[in-house]
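One structure is given below, encoded as structure tokens.
The values are calculated or read from the model by the stated rules, or taken from the named source; none is laboratory data. This is a predicted model, so every value here is computed, not measured. Neighbour counts run over all protein chains shown; Cβ positions are idealised from the backbone, glycine included.
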Amino acid sequence: MTNSIQWANALSTRPSLEAAVAEVVDRVQQSLTASPDLGLVFISSAYASEYSRVMPLLKEQLSVPVLIGCGGAGIVGMNTQGEAQELEGEPALSLSVAHLPGVNVHAFYIPANNLPDMDSPPAAWVELVGVPPEEQPQFILLADPFSSGVNDLLQGLDFAYPGSNKVGGLASASAMGAQSGLFCNYKLYREGTVGVALSGNIVLETIVAQGCRPIGQTYQVTSCERNIILELATQDGTEITASDPNSRPPLEVLRDVIQGLSDSDRELAQHSLFVGVARDEFKQQLGHGDFLVRNLLGVDPRVGAIAIGDRVRPGQRIQFHLRDARTSEEDLELLLQHYQKEDLHTPGAAGALMFSCLGRGERLYGKPDFDSQLFRRYLNDIQLAGFFCNGEIGPVGGSTFLHGYTSVFGICRSKD
């Protein structure tokens, strides 16, 4: 028995499910010197027709009291050379096991039709999870993209468990129409959300790399309806109202911003333009990590309005953003550098999970293993596992959101 966290991961690429399960179980059991308290399994959708066999096979060979996981179009894990590897669109099975002394490990399954009404008190959400808020649990959440009500769930969990970090992703498949697979305590689920709440001697630290850089200046929303921005004004620190003479249609503002870009950025703006919404209403100088990046869904040339992938309200500050491979790399590297500096003062990180968008990986960078290898360049003694998601779950500015085109990392360490 040991008093420190132990974390082991193994990745298999064997096309036979039996052989893949046997390989990963054998490798993690050799790596761990204490009994595991938690298991996490991510399995390629190349095995989708065999999802019903995954849990019986693992139960037969692996003794771990709590186990969650899901299927993904791409899988992340540690290969036999001890390197992090991302396998996209091919058979792959990633198994992590963790010995977590002094940690309460509680798994749960939430069907979408069980979600409380959004006006419900925090107690309704606590009942759903089964862990009291005073335990300050940290959450890993895996959800079906079509039937989980995940945005309402995240809002409800933030309400009931403020200050608790929540990371995870939406299950994904490499083929349209393929069924999701969610796993919780040796059972297979096809919809809803599975999760684990970790409380006690554990900290779950997060890195949320949205892969964007701001362009132009910050503007304040002076008129909007739901997710449609009707008017913007230059944000100069003074209070702005809808009648402000400086208010202009956002499409007009955007044209000015694009006009001031370099030729290459102007070309990029044709297909990789996003809107960042500031999360902190009181922070004067906004910088890296202060914006929640959302899709630009469309424009209305008649009135000059733009629609974005989130609700907005008057007074919020926005800034247009661009995304490309170089920006994504710089964004993640900056966050890792910052984390590494902080990390030197608080050693003890044992394992990490990576939830990356299907739009990243080789599709974005043109080469494999990019985000995982960049992570390991800065944190090379941490076991890494995860999958490519249909949406990534992670915090920005103290609240939890569902992201796109993002890599979210959850890093586990003991408090002591």
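Couple of notes before you dig in:
- Comparison of D300, D310 shows that the only residue that is within 17 Å of C357 (Cβ to Cβ) and of a type in the set (D, E, K, R) is D310.
- Restricting segment 1-11 to residues that are in a loop (DSSP other than H, G, I, E, B) and within 27 Å of the chain's Cα centre (by Cα), the residue that is modelled with the lowest pLDDT is S4.
- On inspection, G156 does not qualify as surrounded by fewer than 19 Cβ atoms within 10 Å (Cβ to Cβ) and either closer than 27 Å to R363 by Cα or not hydrophobic (A, V, I, L, M, F, W, C) (or both).
- Given (1) under 20 Å from the mean Cα position of the chain (by Cα); (2) farther than 19 Å from F42 by Cα; (3) surrounded by fewer than 20 Cβ atoms within 10 Å (Cβ to Cβ), number of the condition I202 does not satisfy: (3)
- On inspection, A84 does not qualify as touching a Pro at 6+ places or on another chain (Cβ under 7 Å) and either farther than 17 Å from D158 by Cα or basic (K, R) (or both).
- Selection of segment 133-150 for residues being more than 27 Å from G89 (Cα to Cα) and either within 15 Å of the chain's Cα centre (by Cα) or touching a residue at least 24 places away in the same chain (Cβ under 8 Å) (or both) yields P133, E135, Q136, P137, Q138, F139.
- Lone unmet requirement of (1) within 23 Å of the chain's Cα centre (by Cα); (2) among the small types (G, A, S); (3) within 26 Å of G200 (Cβ to Cβ) for A112: (3)
- Residue count for segment 73-90, restricted to those that are more than 12 Å from A385 (Cα to Cα) and in contact with a Phe, Trp or Tyr (Cβ under 6 Å, 6 or more places away or on another chain): 1.
- Filter pass, P36 being assigned by TED's automatic domain parsing to the domain that holds F183, farther than 19 Å from N390 by Cα, surrounded by fewer than 22 Cβ atoms within 10 Å (Cβ to Cβ) and modelled with pLDDT of 95 or more: no
- Of the candidates G309, G348, the single residue that is more than 19 Å from the chain's Cα centre (by Cα) and over 15 Å from I75 (Cα atoms) is G348.
- Among residues of segment 8-23 being in contact with a helix residue (DSSP H, G or I) (Cβ under 9 Å, 6 or more places away or on another chain) and among the hydrophobic types (A, V, I, L, M, F, W, C), the one that is farthest from R413 (Cα to Cα) is L17.
- Here is the figure for segment 12-43: residues that are aliphatic (A, V, I, L, M), within 21 Å of V66 (Cβ to Cβ) and not in a loop (DSSP other than H, G, I, E, B) total 8.
- If the condition is being out of contact with any Cys (no Cβ under 6 Å at 6 or more places or on another chain), of a type in the set (V, I, T) and within 12 Å of L182 (Cα to Cα), then segment 36-81 contributes V41, I43, V54.
- Scanning segment 123-135 for residues that are surrounded by fewer than 16 Cβ atoms within 10 Å (Cβ to Cβ) and not acidic (D, E), we see that the one that is nearest to L188 (Cα to Cα) is G130.
- Within segment 379-410, the only residue that satisfies the criterion of being among the polar types (S, T, N, Q), out of contact with any strand residue (DSSP E or B) (no Cβ under 6 Å at 6 or more places or on another chain) and touching a residue at least 60 places away in the same chain (Cβ under 8 Å) is S399.
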